[in-house]
Amino acid sequence: MQQIFNRYINYLEAERNVSPYTVRNYTTDLLGSKNIKGFFTFLNEKGIKSLAEADRHLMRDYLAYLLERGLVKASIARRLSAIRSFYRYLVREEILSVNPVQETSSPRLDRRLPSFLTIPEITRLLEAPGSATPQGQRDRALLELLYASGLRVSELVSLNLEKVDLGSREIRVLGKGAKERIVLMGEPAARALTAYLKDGRQKLLGEKRNRALFLNRYGGRLTERSVQSGLENYARMAGIGKRVHPHMLRHTFATHLLDGGADLRVVQELLGHASLSSTQVYTHISQTQAKKVYLSAHPLAREEK
C-alpha cells in the first residue's frame, strides 16, 4: 500500500499539479494523523490486506468511526473525497478493474456562509504592519495585495517578480488546475508593493538570488504558514475579535466587490472559480447592496419626503 500511495502522490504533484496544501491533506486523510486513523490504518485494523477488498459496508464503518471521533461533516466529506480520488487513480492505472467505493455517498453538508471583515476591520488590519522594518513593508504589501486581488494564499506565496506588472497594476497568476488568470490591484496595493520592492525586499534578499516576490527574513520564499501566523498577529494588534485567516481576506474581497455593485461573473473571473456556483455563495452574505437596490427600486419601500 505504501508503494502505491507514493506513486499516487507523485501523480498528484507531477500530472495533476495540485498544491502542497492538497498533497498534505490527502496524505493526512489516507495515512492518518495523531488523533484520527487514516483510511489505510483502518483497513489494516479490519484485517483487509488488499485495496480491492474495500466495499460500501467497510466505508460505512469508517464513516461511523469518523463521526464517533467528533469530525464535522465537512472534514468527513473531504476524507471521503480523498479516498474516492485515490481509487480513481487505481482504476486509471489498471491496478484495480472497478472502483469499490464509487457509490459511497457523502454526508449532507450544512451550508455555512463565509465569514468576512467589515470595511473598518479591514482598514485597521491593513494599517497594522509598520513601515520601519523590511518585514513590516513586506507584510503591508502582502496584506494589501490579498485584499485588493482576492488571491489564494498559495497563489500569493508562489508569485515571482516577473508575474507582477506595477505599471498596469496586473498580476499573472497560476491558479488551481494550472489555470492562468490575470488579477488586478488598486493604487494602495501598488504603492505598498512598490515601497517593499524598492527597500524591504532588497534588505531581506541580501546577497542571495531569488525570484520570489515575498521573502522571509533569510531571503527565501515566504511560506503559507508564515503568512497565516503573521495575519493572526496583526488581527490581534488591530483589535479584531474573530479568527482571521488568509482565505477570509479572499471572502472579504468578493463580498465588498458585490456590495459595491460588481457583476457576479466578473467576481468569478477575478477569483478564478471554475463554476459560477462557487461564487454565488457570496450573494447570500452581500446584503448591503441588496438593501440599497430594494429601497431605491421598490415603489412602496421608498421613504416619504
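Summary table
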read-out: GNM result for the chain, Cα springs below 10 Å: residue of H251, H57, H273 fluctuating most strongly; value: H57
read-out: Percent of alpha-carbon pairs separated by more than 20 Å within segment 2-92; value: 32 percent
read-out: Compactness of the chain - radius of gyration and Dmax, Cα, Å; value: 22.9, 79
read-out: Sum of -39500 (n - 2.57) over DSSP H runs of 4+, divided by residues of the chain (222 nm, nearest 500); value: -15500 deg cm²/dmol
read-out: V153, V98 arranged by Cβ crowding within 10 Å, fewest neighbours leading; value: V98, V153
read-out: The chain: DSSP helices with Cα axial extent of at least 27 Å and average Kyte-Doolittle hydropathy no lower than -1.0; value: 73-92
read-out: Neighbour cut-off at most 13 other Cβ (10 Å), DSSP loop, trypsin sites (Lys or Arg not before Pro), segment 40-97; value: K46, K49, R69
read-out: Interchain or long-range residues, amide H under 5 Å from G32's placed H; value: G38, F39
read-out: In segment 182-230, the trypsin sites (Lys or Arg not before Pro) that fall in loop regions by DSSP, at most 11 other Cβ within 10 Å; value: K208, R209, R211
read-out: Exposed-loop-free span, longest in the chain, where GluC sites (Glu not before Pro) count as exposed if DSSP calls them loop and at most 13 other C-beta atoms lie within 10 Å; value: 104-206
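No lab work stands behind these numbers, since they all come straight from the coordinates. Keep in mind that this is a model prediction, so the values were computed, not measured. In this analysis, Cβ positions are derived from the backbone assuming ideal geometry, glycine residues included, and neighbour counts consider all displayed protein chains.
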